[in-house]
Amino acid sequence: AQTVTQSQPEMSVQEAETVTLSCTYDTSENNYYLFWYKQPPSRQMILVIRQEAYKQQNATENRFSVNFQKAAKSFSLKISDSQLGDTAMYFCAFLRPTGTALIFGKGTTLSVSS
Amino acid sequence: NAGVMQNPRHLVRRRGQEARLRCSPMKGHSHVYWYRQLPEEGLKFMVYLQKENIIDESGMPKERFSAEFPKEGPSILRIQQVVRGDSAAYFCASSPAAGGSYEQYFGPGTRLTVT
């Protein structure tokens, strides 16, 4: 069975700084999808970025980028130029290509301060 | 285009009562997923439905929980004889089709409190 591990329960960063959130996963599959979701205090789940395992290139969405290391089964999220609005819980998630159930890690609470 | 709608946003039930949680998927989406988030935890998959069919209920507790997605109307997650351990946030998501190529769009969740 697939598992997703986020080893940092909490992190804090100052505005404009860069922060990296860690995620590792375990699977025997060769192809799959990885996601980072953001859950602000409103509790709405928002997709931040996605990565397809067969793609070598790391995904980027504006200030958000990932470092995908397939052999190491690592999928970290880098947030550049942190903003107060980035304060939220961040979840890493895994999905098999034909699967329907997202498998989530326990999350990392990120606090951005001025 | 309205997003995924869930109601109620907050629901309080006494032990032994029934809880009904509703989810209206995004327009054009016929695939619905329910997830549960316990305090300080990530979301856990419960069930996946298409119109009138339960496709995968591998995450549903065997007793007291049921789900449906009728031809007309919202998807319903029903919890009978609620217990304190059912207190959680329940999220619904929808997608236009199944599989990793299709994003699951989440609703705002229903927070269930059992007293």
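Here is how the numbers come out for the structure above:
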{"item": "Table column - 3J(HN,Hα) (Hz), the stretch B:98-110, Karplus curve with 6.51, -1.76, 1.60, x for Gly and Pro", "result": "9, x, x, 6, 10, 5, 8, 8, 9, x, x, x, 10"}
{"item": "Å² per residue, accessible surface of the stretch A:15-86 at 1.4 Å", "result": "51"}
{"item": "Interatomic Cα distance distribution for the protein assembly as shown, bins of 5 angstrom, percent", "result": "1, 7, 14, 18, 18, 16, 13, 8, 4, 1, 0"}
{"item": "For chain B: accessible area per residue (Å², 1.4 Å)", "result": "50"}
{"item": "Ordering of A:87-97, B:34-44 by packing [mean C-beta count within 10 Å, highest first]", "result": "A:87-97, B:34-44"}
{"item": "Rh (Kirkwood; distinct C-alpha pairs) - the stretch A:1-106, Å", "result": "14.1"}
{"item": "Inter-label distance for A:GLU10 and B:ARG111, nm, one decimal - labels placed 7 Å from Cα along Cα-to-Cβ", "result": "1.9"}
{"item": "Shielding by partners - mean other protein chain Cβ count within 10 Å, residues of A:98-108", "result": "6"}
{"item": "Accessible surface of the stretch A:1-100, 1.4 Å probe, proportion on carbon and sulfur as whole %", "result": "45"}
{"item": "Label-to-label distance, nm, for residues given as B:GLN80 and A:ALA71 (7 Å Cα→Cβ offset)", "result": "5.5"}
{"item": "Estimated D of chain B in µm² per second, where Rh is the Kirkwood radius over Cα pairs and Stokes-Einstein applies at 37 °C, 0.692 mPa s", "result": "233"}
{"item": "Rounded if a/c under 1.5, otherwise prolate or oblate - the stretch A:1-40, Cα gyration tensor axes", "result": "prolate"}
{"item": "Accessible-area order (highest first, 1.4 angstrom probe) of the listed residues B:ILE54, A:ILE103", "result": "B:ILE54, A:ILE103"}
{"item": "Carbon plus sulfur fraction of accessible area for the stretch B:17-115, probe 1.4 Å, in percent", "result": "45"}
{"item": "B versus A: buried accessible surface, summed, Å² (probe 1.4 Å, to nearest 100)", "result": "1800"}
{"item": "Test item: A:44-53 mean partner chain Cβ contacts at 10 Å", "result": "3"}
{"item": "Radius 12 Å from Cβ of A:TYR32, net charge of other residues (Lys, Arg +1; Asp, Glu -1)", "result": "+2"}
{"item": "Modelled FRET efficiency - R0 30 Å, B:GLU63 with A:GLU52, Cβ distances, 0.05 increments", "result": "0.20"}
{"item": "Mean separation of Cα contacts under 8 Å, 6 or more apart, over the residue count of the stretch B:23-66: relative contact order %", "result": "26"}
{"item": "Compactness relative to 2.2 N^0.38 Å, alpha carbon Rg of the stretch B:25-65", "result": "1.29"}
{"item": "Rh by Kirkwood over Cα pairs, then Stokes-Einstein D for the stretch B:1-51 at 0.890 mPa s and 25 °C, µm²/s", "result": "189"}
{"item": "Options A:ALA101, A:SER65, A:ILE46, ranked by Cα towards positive dipole end of chain A, top entry (Cβ charges)", "result": "A:ALA101"}
{"item": "Euclidean distance between Cα centres, the stretch B:43-115 to the stretch A:60-114, Å", "result": "24"}
{"item": "Net charge of Cβ neighbours under 13 Å - reference A:PHE75; Lys, Arg +1; Asp, Glu -1", "result": "+3"}
{"item": "Amide H within-cut-off set for B:SER30, under 5 Å, with H built and near neighbours excluded", "result": "B:SER95"}
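The values are calculated or read from the model by the stated rules, or taken from the named source; none is laboratory data. Values in this document were obtained by computation on a predicted structure and should not be read as measured data. When we count neighbours, we look across all protein chains shown, and the Cβ atoms used for this are built from the backbone with ideal geometry, even at glycine. In case anyone asks, the SASA skips ligands and DNA or RNA and just uses the protein heavy atoms, side chains included. Shrake-Rupley method; radii C 1.70, N 1.55, O 1.52, S 1.80 Å.
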